[in-house]
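The values are calculated or read from the model by the stated rules, or taken from the named source; none is laboratory data. What you see is a predicted model, and the numbers here were worked out from it, not measured in a lab. All Cβ positions, even for glycine, are placed from backbone atoms using ideal geometry, and neighbour counts span all protein chains on display. Calculation scope for accessible area: heavy atoms of the full protein, side chains included, ligands and nucleic acids excluded. Shrake-Rupley method; radii C 1.70, N 1.55, O 1.52, S 1.80 Å.
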Amino acid sequence: MKRSLTRVVISAAAAFGIAAGSLALATPGMAAAPAAPQAAVVSASAVNNLGLTQNQAKGVQCFLDGSIYGNFVIDGYLGTESWKGIQRWLNNEWGQNLSVDGEVGPQTIKGLQYFLKNGNWGYTGALDGVAGPGTQAAFARFGTSTYGQFC
């Protein structure tokens, strides 16, 4: 028991010493640089494919690309610029009144649901602003059909 306790104390002291030494070597400029994993989290959170595969999302992007609504890279990731294009398209072509901010909030989801229901993409649910399985499945059908047609 005494040996185990000694090992724990020595291990903790060594870990503390290493950490303290690392902090002593740090410069003020080092603290300002964000770690790589944090940057990856920020860029990943800006993308919202609503359950679409990359090819299905490319289909949506390709559909909008040949129009006044497309101003983004066709990469299969629905980021802020892709969603702004979708919002402009829903406003102009489907009579919605959405803020064109690239945010995928309840109003944007309602506008998308309106299109998926009235555009005959098989959405039969409520216009509730929740991107549940029915919304995602209908959006996937739209993305699948447009991928082969417009890309």
Is at least one residue of the range 70-79 more than 23 Å from Ala46 (Cα to Cα) and either touching a strand residue (DSSP E or B) at 6+ places or on another chain (Cβ under 7 Å) or in a loop (DSSP other than H, G, I, E, B) (or both)?
no
Counting just the residues of the range 136-151 that are open to solvent by less than 30 Å² (accessible area, probe 1.4 Å) and under 19 Å from the mean Cα position of the chain (by Cα), which one comes out nearest to Lys58 (Cα to Cα)?
Gly143
Could you please find all residues in the range 116-135 being surrounded by fewer than 15 Cβ atoms within 10 Å (Cβ to Cβ) and assigned to a helix (DSSP H, G or I)?
Asn118, Pro133
Looking at the structure I just gave you, is Ser145 part of a helix (DSSP H, G or I), out of contact with any Asp or Glu (no Cβ under 9 Å at 6 or more places or on another chain) and of a type in the set (Ser, Thr, Tyr)?
yes
Filter the range 97-115 for residues that are of a type outside the set (Ser, Thr, Tyr) and open to solvent by 60 Å² or more (accessible area, probe 1.4 Å); the one that is nearest to the chain's Cα centre (by Cα) is Glu103
